[in-house]
Amino acid sequence: MDEFPQEPDRWTIGDTTLTAIVEAETPGIPVELFFPEATASDVIDAGPLPEGAVGSDGTISFRVQSFVIQHRGRLIVVDPCVGNHKSRLLPFWDHQDWPWMSRFTGAGFDPDQVDLVVHTHLHEDHIGWDTHLVDGSWLPTFTNARHVYVGDELDWAASEDRRSQQDSFGDSIAPVLDAGLGWEVDSGAVLGDGLFLMPTPGHTPGHASLVVETSTEPLIVTGDLLHHPFQFATPALAEIGDVDPARARNTRCGFFDEYSRSGTLIAGTHFPAVPLGRIEAASGAWRFRPENPSPRSERPDR
Ligand SMILES: [Zn+2]
Ligand SMILES: [Zn+2]
């Protein structure tokens, strides 16, 4: 397990605050592990990337994190990571014991105060902390929150095929639905208070990104529309989890084109090092311009 002891990074965007609560950041991953068609030179040639996002040998760092958004008096958790003690196929996600919750509470957040949990999609690394193990049972963690699920995505996650591989639906989604905390919507749903979903399908059938209208500019949380900032230079490369690679590629290219033109602020759900930034056009493709977090000395007391 990696150590990630530092205080969480925060950004203030107008009247909205974004905090990155990291579960794990792993450097030195061969790029082929996540992108089978990629090579180390694709990573090295992708241009300047935030320090720590890639190794000089063309390996990548991969982060699993949640974004916690304070917006118009609401506390929103986006994509609550893998979670602890879950039985998972991937060895590095199986039966883990990460200090995610102590980072969440250490950042000044209380699980009982969460109003909304948004899932960009229902892969196991985006739903884990929705439940926790108590005396052998999986219980909801955010007991006063509405948990947003795209209907198409729920159908996919609940399918026999998915559940026969590993039952993340049973341990991380069903207990939330059984407790009456689920809110089923479509992938373009308006969630109120300047929050809405935007369909970004391909990685999974009902994948959606979250748009937050802050007082100064919009912010888009991408989810797994892309996984690493080197992909701005190589948007055609499929990621190993893409359920429909061709559709995912079309979605990515269209997104990069549109939001590089508008200079919209985006938060990359798996981006290491500095996850917030903007997309810029660059010699036939795109690149990432990171936005550094607010200096700690300028932050309000937590
Ligand atoms: Zn995914
Ligand atoms: Zn993911």
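The values are calculated or read from the model by the stated rules, or taken from the named source; none is laboratory data. Remember, predicted model here, so these are calculated numbers, not experimental data. Cβ coordinates were reconstructed from backbone atoms using ideal geometry, including for glycine residues, and neighbour counts include every protein chain displayed.
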Inset, instruction - Would you confirm whether any residue within the range 93-101 is within 16 Å of ligand 1 (Cβ to nearest atom), of a type outside the set (Phe, Trp, Tyr) and in contact (Cβ under 8 Å) with a residue 60 or more places away in the chain? - result: no
Reported set for the range 232-258 where residues are within 18 Å of the chain's Cα centre (by Cα) and within 16 Å of ligand 2 (Cβ to nearest atom) is ALA238, GLU239, ILE240, GLY241, ASP242, VAL243, ALA248, THR251, ARG252
Scanning the range 248-264 for residues that are surrounded by 22 or more Cβ atoms within 10 Å (Cβ to Cβ) and not small (Gly, Ala, Ser) gives THR251, ARG252, PHE255, PHE256
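Any idea which of PRO201, PRO218, PRO229 is touching a strand residue (DSSP E or B) at 6+ places or on another chain (Cβ under 7 Å) and within 21 Å of HIS119 (Cβ to Cβ)?
None of the others qualify; the one that does is PRO218.
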Scanning the range 189-224 for residues that are more than 18 Å from HIS147 (Cβ to Cβ) and of a type in the set (Gly, Ala, Ser) gives GLY194, GLY202, SER215
When every residue in the range 112-147 that is among the β-branched types (Val, Ile, Thr) and within 16 Å of ligand 1 (Cβ to nearest atom) is compared, the one farthest from GLY73 (Cα to Cα) is ILE127
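Results for (1) at pLDDT 95 or above; (2) among the basic types (Lys, Arg); (3) under 21 Å from LEU225 (Cα atoms), shown as yes or no for each residue.
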residue	(1), (2), (3)
THR16	yes, no, no
GLU25	yes, no, yes
ALA46	no, no, yes
LEU49	no, no, yes
VAL64	yes, no, yes
Among the residues of the range 66-87, the number that are within 16 Å of ligand 2 (Cβ to nearest atom), assigned to a loop (DSSP other than H, G, I, E, B) and out of contact with any helix residue (DSSP H, G or I) (no Cβ under 7 Å at 6 or more places or on another chain) is 0
When restricted to GLY194, GLY277, the only residue over 16 Å from the mean Cα position of the chain (by Cα) and at pLDDT 95 or above is GLY194
Inside the range 157-196, the number of residues satisfying the requirement of being in contact (Cβ under 8 Å) with a residue 60 or more places away in the chain and either within 15 Å of ligand 1 (Cβ to nearest atom) or not acidic (Asp, Glu) (or both) is 7
Selection over the range 278-295 where residues are crowded, with 22+ Cβ neighbours inside 10 Å and either aliphatic (A, V, I, L, M) or in contact with a Leu (Cβ under 8 Å, 6 or more places away or on another chain) (or both) yields a count of 2
